[in-house]
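Heads up, the thing below is written out as structure tokens.
The values are calculated or read from the model by the stated rules, or taken from the named source; none is laboratory data. Computed from a prediction, not measured in an experiment: that's the story for all the values here. When we count neighbours, we look across all protein chains shown, and the Cβ atoms used for this are built from the backbone with ideal geometry, even at glycine. When the accessible area is computed, the model is the full protein with side chains, heavy atoms only, and any ligands, DNA or RNA have been set aside. Shrake-Rupley method; radii C 1.70, N 1.55, O 1.52, S 1.80 Å.
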Amino acid sequence: MSAAGTARRAIVVGGGIGGLASAVALTHKGWDVTVLERAPQFQEIGAGVTLFPNAIRALDYLGFESKLFVGQGMRAGGLRSNTGRWLMRQEVSQSDVAPVHRAYLHDILRSAVPGESLIADSRVTAVTLTGEVEYCKDGETRTVHGDLIVAADGISSGIRAQHWPELPPPQYVGVTAWRAIAEVRNPHDFGLTQTWAPGAELGIVPLIDGRIYWYAALLAPQGERFADNHAYVLERFGAWHDPIPELVAATEPGALLHHDLFHASRQPKTLVRGKIVLLGDAAHAIPPFLGQGACQALEDAATLGAYIDTRDGLDRYDRVRRERAHAVAKATRMTGRMGIFVRNPALAVARNAIVRATPGNIARRAMDRVTRWEVPAT
Ligand SMILES: Cc1cc2nc3c(=O)[nH]c(=O)nc-3n(C[C@H](O)[C@H](O)[C@H](O)COP(=O)(O)OP(=O)(O)OC[C@H]3O[C@@H](n4cnc5c(N)ncnc54)[C@H](O)[C@@H]3O)c2cc1C
């Protein structure tokens, strides 16, 4: 509450995972929140998303019980070469990672935001540092004022482009990716695995609801398009080890999503300008090599909630989130360099030998360093 006893108003631009999570956090803190989303409805399509312990802690802070993210058990998995040879085997328990459908996570977040706060079909066209937000709805231009503007408008953030003009646009990382959800008869036979070949990788991620999320990625020139994505993926990955051919074949061709991957090539020097705060991909888009993009958006939202009513809260948000995003982006780049960016077959053989000789607990500790995150104490 403000000194006058009225709730302060936050305008959240973007109703993705980061925007909705920050709306939940600010609502809990007594803010009057409006979320403006350009899409006609608040909904998420996409495929799967891996929620690591850092994301589960952020969700716990936001009031979501951990049982929401527990489901069918998972078989041990690990890392393989495309011939099927195990490079590293790993036990995976539900406390290590909760893979969910993106729509499931989105629905859970949305259901915790008051309905009157959610305004769809509203494209934000301009924002001022003093908190005026201009948006277009039903063919009309409207303006609202916020004491805080959360720019959660994703990797191609218009707000970042307007107020952080020194930053370059998102950059293609050199990788094109397909993602899909498949329903299989025998989900318990699928473990959480990643498979490498030179310049290519494929991940199998059993979701907590029993469906299988999988993705395939290749080094490719930007903008390359394929007449029939399903046929191309079958041809390119269909001779890899079992159960990859079965999984690709079991996928509805129309369920296959294809995107080039982009990232923020330069970090902002500050995440806060005037009343505007950058959050999620708008602040620090990373490629999905560690499955941390949405996890970081959730961390941002929980941190914003934790700091918002404290002295210098936005400065603290800015400091800790930039530092954290920098560390996670660095770990993500390292993972890419060890994985998909190894395109030379001889180097890939050498890389595989090194991975086979690396004790599993070392790899695990590296991942723990990324996911061992706590909501800041205030
Ligand atoms: C192939 C792939 C796989 C991934 N896998 C994982 C994974 O396993 N785990 C993980 O943690 N992360 C993963 N990610 C990353 C994750 O998807 C993103 O980091 C996350 O969705 C970012 O959330 P966000 O809310 O910041 O942005 P977004 O989800 O992009 O949401 C932005 C929202 O803003 C809206 N918007 C944009 N402009 C305007 C405007 N002008 N006015 C109003 N609304 C606007 C958009 O319509 C959208 O709804 C993956 C990403 C990709 C590409």
Open item on the list: Using alpha carbons only, how many angstrom separate the centre of the range 226-276 from the centre of the range 317-339?
Closed with: 21 Å
TODO: Give the accessible surface of the chain per residue, rounded to a whole number of Å², with probe radius 1.4 Å and ligands, DNA and RNA excluded.
DONE: 45 Å²
TODO: Kindly provide the GluC sites (Glu not before Pro) of the range 116-176 that DSSP labels as loop, not H, G, I, E or B, and whose Cβ sees at most 11 other Cβ atoms within 10 Å.
DONE: 166
Task: Cα-based Lys pair tally, the chain, threshold under 25 Å, eight or more apart or on separate chains - done: 4
TODO: Please find, in a Gaussian network model of the chain (springs between Cα atoms separated by less than 10 Å), the residue of 48, 154, 115 whose mean-square fluctuation is greatest.
DONE: 115
TODO: Mind putting a number on the dipole of the range 163-218 about its Cα centre? Charges go on the C-beta only, +1 for Lys and Arg and -1 for Asp and Glu, and I need it in Debye to the nearest 20.
DONE: 120 debye
Open item on the list: Using a 1.4 Å probe on the protein heavy atoms, what percent of the accessible area of the chain belongs to carbon and sulfur?
Closed with: 52 percent
TODO: Provide the convex hull volume over Cα atoms per residue for the range 121-187, in Å³.
DONE: 175 Å³
TODO: Could you pull out the longest piece of the chain with no exposed loop trypsin sites (Lys or Arg not before Pro) in it, calling a site exposed if DSSP puts it outside H, G, I, E, B and it has at most 14 other Cβ atoms within 10 Å?
DONE: 86-184
- [ ] Could you calculate the contour length gain from residue 89 to residue 137, that is, 0.36 nm times the residue separation minus the distance between their Cα atoms, to one decimal place in nm?
- [x] 12.1 nm
Task: the chain, helix-only ellipticity at 222 nm - DSSP H runs n ≥ 4, -39,500 (n - 2.57), divided by all residues, nearest 500 - done: -10000 deg cm²/dmol
TODO: Have a look at 95, 81, 22 and tell me which one the Gaussian network model of the chain (Cα, springs below 10 Å) gives the largest fluctuation.
DONE: 95
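Tell me, Kirkwood radius of the range 243-313 from alpha-carbon pair distances, in Å?
With all distinct Cα pairs of the range 243-313 included, I get 15.2 Å.
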